[in-house]
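Participant: For reference, the structure I am asking about is given below.
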Amino acid sequence: MIAQVLIEALELHAYHGWHRHEGEFGQAFLLDLELTTDISRAAASDELGDALDYDRIVKTVRKLFVDTRYKLVEAAAGAMARGLLEEFPTVTCVDLRVRKLKPPIAERLSAVGIHLRLSRSDA
């Protein structure tokens, strides 16, 4: 029973960016994740130990995304996708969106970012 475990609209403050002030003050990022995994055991047992723990996923994402500073969102997203595959062996694919909510761009827009899909076979 293959499913996507969802973490939606996770807002994290991080210090990624090309410009000096982004590294100095940081900014808000919005993350959406889909982790593909087999949920057969969890669906049958109804036990958290057989499932992907949402809290553990969020803590891992926070560590991967916030603890290291990147100049580019692409680099941060790539490192996070690889880290999630390493931390959660039952995950076969990571699909994530990383959006910078207040980019240093003069035009009015809601966000910029990247959508990345990394499968275990591609990692």
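The values are calculated or read from the model by the stated rules, or taken from the named source; none is laboratory data. For clarity, every value in this text was computed on a predicted model and none was experimentally measured. All Cβ positions, even for glycine, are placed from backbone atoms using ideal geometry, and neighbour counts span all protein chains on display.
Participant: Can you tell me how many residues in segment 75-123 are within 24 Å of Ser40 (Cα to Cα), surrounded by 16 or more Cβ atoms within 10 Å (Cβ to Cβ) and among the charged types (D, E, K, R)?
Facilitator: Number satisfying all stated conditions: 1.
Participant: For segment 86-123, name all the residues that are among the hydrophobic types (A, V, I, L, M, F, W, C), part of a strand (DSSP E or B) and modelled with pLDDT of 90 or more.
Facilitator: Step one: filter segment 86-123 for residues among the hydrophobic types (A, V, I, L, M, F, W, C), giving 88, 91, 93-94, 96, 98, 101, 105-106, 109, 111-112, 114, 116, 118, 123.
Remaining after also requiring part of a strand (DSSP E or B): 93-94, 96, 98, 112, 114, 116, 118.
Within segment 86-123, Cys93, Val94, Leu96, Val98, Ile114, Leu116, Leu118 meet the criteria.
Participant: Being more than 15 Å from Ile114 (Cβ to Cβ), among the polar types (S, T, N, Q) and either at pLDDT 95 or above or not in a loop (DSSP other than H, G, I, E, B) (or both) is the requirement here; does Thr68 meet it?
Facilitator: Details: more than 15 Å from Ile114 (Cβ to Cβ): yes; among the polar types (S, T, N, Q): yes; either at pLDDT 95 or above or not in a loop (DSSP other than H, G, I, E, B) (or both): no.
For Thr68, the condition - more than 15 Å from Ile114 (Cβ to Cβ), among the polar types (S, T, N, Q) and either at pLDDT 95 or above or not in a loop (DSSP other than H, G, I, E, B) (or both) - is not met.
Participant: Taking segment 24-58 as the search range and keeping residues that are surrounded by 12 or more Cβ atoms within 10 Å (Cβ to Cβ) and of a type in the set (Gly, Ala, Ser), which one is nearest to Ile2 (Cα to Cα)? Give the steps one after another, and end with the answer.
Facilitator: Initial filter on segment 24-58 (surrounded by 12 or more Cβ atoms within 10 Å (Cβ to Cβ)): 26-43, 48, 50-54, 56-58.
Still in the running and of a type in the set (Gly, Ala, Ser): 26, 28, 40, 42-43, 51.
Numbers: Gly26: 37, Ala28: 32, Ser40: 8, Ala42: 11, Ala43: 11, Ala51: 12 Å.
Top of the filtered list is Ser40.
Participant: Would you mention how many residues in segment 4-47 are small (Gly, Ala, Ser) and within 17 Å of the chain's Cα centre (by Cα)? Full working, then the answer.
Facilitator: Kept after step one, since they are small (Gly, Ala, Ser), are these residues of segment 4-47: 9, 14, 17, 23, 26, 28, 40, 42-45.
From what is left, the residues that are within 17 Å of the chain's Cα centre (by Cα) are 9, 14, 17, 28.
Residues flagged as small (Gly, Ala, Ser) and within 17 Å of the chain's Cα centre (by Cα) within segment 4-47 amount to 4.
Participant: If Lys71 satisfies every condition in (1) within 25 Å of Ser121 (Cα to Cα); (2) surrounded by 13 or more Cβ atoms within 10 Å (Cβ to Cβ); (3) not β-branched (Val, Ile, Thr) but one, which is the exception?
Facilitator: Result: Lys71 fails condition (1) only.
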